[in-house]
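**Q** Here you go, one structure.
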Amino acid sequence: MVFFKRNRNIKLIEDLNIRIEKLNEKIHKLENENNQSRAIWDSMVEGAIAVDKDSKVVSVNPAVEKIFSVSKEEVEGKLFLEAFRNNDISELINNVLKKGELISTELDLVWPLERTFLCNASPMFENNTISGCLVVIHDITEIRRLERIRSDFVANVSHELKTPLTSIKGFVETLLEGAFSDKENSCNFLKIIQNHTERLNSLINDLLDLSYIESKEI
């Protein structure tokens with residue numbers, strides 16, 4: 001009887017050890033997954049802010065600390081508006097928490113630096129209930145600056161092309177209307193047309209060079 005009882009105890013201990021080992025494996029796996037998630041979170045170029053259903057800041061990544069000149073210790077646990085004092089993003093978060101759907105918007109921030117950001121705010125769910133909101137902030141300041149430069153460039157090129165074309169058109173019409181028979185004036189007109197043609201050719205070559213530079217990513 002004692003023998004069977006002893007064997008049963010040994011079996012229970014072995015089962016318990018197996019369960020402990022499996023539990024340790026699960027804990028180790030969860031720790032690895034958590035470390036990987038934290039590494040991804042911390043290495044993101046985009047700013048990321050996680051808030052709970054009451055708009056309290058749960059976590060921020062280093063990019064947000066840099067953008068807003070804050071530290072995690074200063075903002076985590078506080079209401080978003082109390083931590084960041086940005087009404088636009090706060091309103092974005094409130095809308096996501098109410099509607100439960102992804103919202104994207106472009107915002108111009110003037111503090112602490114004048115920058116343009118694309119903010120994507122998405123709801124976080126737990127048991128099919130909204131548990132919070134994740135805001136990912138993309139800095140698109142440089143993209144918008146380049147777009148303005150490109151727009152200004154197109155406008156300037158259009159003007160530079162239009163001026164010589166208008167002159168050429170005017171002188172050609174004058175020649176066709178009879179000025180061609182006036183040898184002295186017609187030669188002057190043709191020289192002006194030639195100069196404008198060379199100017200146009202130079203502009204077109206510049207545009208081709210720019211196109212080549214962009215295509216080669218020089």
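**Q** Take the residues of the stretch 95-118 that are open to solvent by 60 Å² or more (accessible area, probe 1.4 Å) and over 24 Å from ILE143 (Cβ atoms): which is nearest to the chain's Cα centre (by Cα)?
**A** GLU101
**Q** Tally up the residues in the stretch 14-52 that are of a type in the set (Val, Ile, Thr), at pLDDT 70 or above and open to solvent by 70 Å² or more (accessible area, probe 1.4 Å), please.
**A** Kept after step one, since they are of a type in the set (Val, Ile, Thr), are these residues of the stretch 14-52: 18, 20, 27, 40, 45, 49, 51.
With the extra rule that they be at pLDDT 70 or above, the set shrinks to 18, 20, 27, 45, 49, 51.
Cutting the leftovers down to open to solvent by 70 Å² or more (accessible area, probe 1.4 Å) gives us 18, 20, 27, 45.
So the answer is 4.
**Q** Would you pick out the residues in the stretch 152-168 that are open to solvent by 70 Å² or more (accessible area, probe 1.4 Å) and not acidic (Asp, Glu)? Outline the logic, then answer.
**A** Taking the stretch 152-168 as the starting set, the residues that turn out to be open to solvent by 70 Å² or more (accessible area, probe 1.4 Å) are 152-154, 156, 159, 162, 165-166.
The answer is PHE153, VAL154, ASN156, HIS159, LYS162, LEU165, THR166.
This table checks each residue for (1) in contact with a Leu (Cβ under 7 Å, 6 or more places away or on another chain); (2) in a helix (DSSP H, G or I).
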| site | (1), (2) |
| --- | --- |
| SER59 | no, no |
| GLU65 | no, yes |
| VAL70 | no, no |
| LEU92 | no, yes |
| ILE130 | yes, no |
| GLU142 | no, yes |
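**Q** Being over 22 Å from the mean Cα position of the chain (by Cα) and either buried (at least 20 other Cβ atoms within 10 Å of the Cβ) or in contact (Cβ under 8 Å) with a residue 12 or more places away in the chain (or both): is that true of GLU82 here? Walk me through it before giving the result.
**A** Working: over 22 Å from the mean Cα position of the chain (by Cα): yes; either buried (at least 20 other Cβ atoms within 10 Å of the Cβ) or in contact (Cβ under 8 Å) with a residue 12 or more places away in the chain (or both): no.
Against the criterion (over 22 Å from the mean Cα position of the chain (by Cα) and either buried (at least 20 other Cβ atoms within 10 Å of the Cβ) or in contact (Cβ under 8 Å) with a residue 12 or more places away in the chain (or both)), GLU82 does not qualify.
**Q** Report, ordered by the first and then the second residue, all pairs with beta carbons closer than 6 Å, sequence separation of six or more or different chains, a first member in the stretch 148-171 that is more than 17 Å from ASP209 (Cβ to Cβ), and a second member that is among the charged types (D, E, K, R).
**A** Cβ pairs passing all conditions: PRO164/ARG199.
**Q** Among the residues of the stretch 169-196, write down those that are under 22 Å from VAL154 (Cβ atoms) and either open to solvent by 60 Å² or more (accessible area, probe 1.4 Å) or acidic (Asp, Glu) (or both). Quick ask: steps written out before the conclusion?
**A** As a first pass, look at the stretch 169-196 and keep what is under 22 Å from VAL154 (Cβ atoms): 169, 196.
Once the filter is applied, which keeps residues that are under 22 Å from VAL154 (Cβ atoms) and either open to solvent by 60 Å² or more (accessible area, probe 1.4 Å) or acidic (Asp, Glu) (or both), the stretch 169-196 yields only LYS169.
**Q** Could you figure out which of (1) open to solvent by 50 Å² or more (accessible area, probe 1.4 Å); (2) modelled with pLDDT of 85 or more isn't true of LEU210?
**A** (2)
The values are calculated or read from the model by the stated rules, or taken from the named source; none is laboratory data. Model, not experiment: these values are computed from the prediction. Glycine gets a Cβ as well: all are built from the backbone with ideal geometry, and neighbour counts include every protein chain shown. Side chains are part of the model used for accessible areas, which takes the heavy atoms of the whole protein and leaves out ligands, DNA and RNA. Shrake-Rupley method; radii C 1.70, N 1.55, O 1.52, S 1.80 Å.
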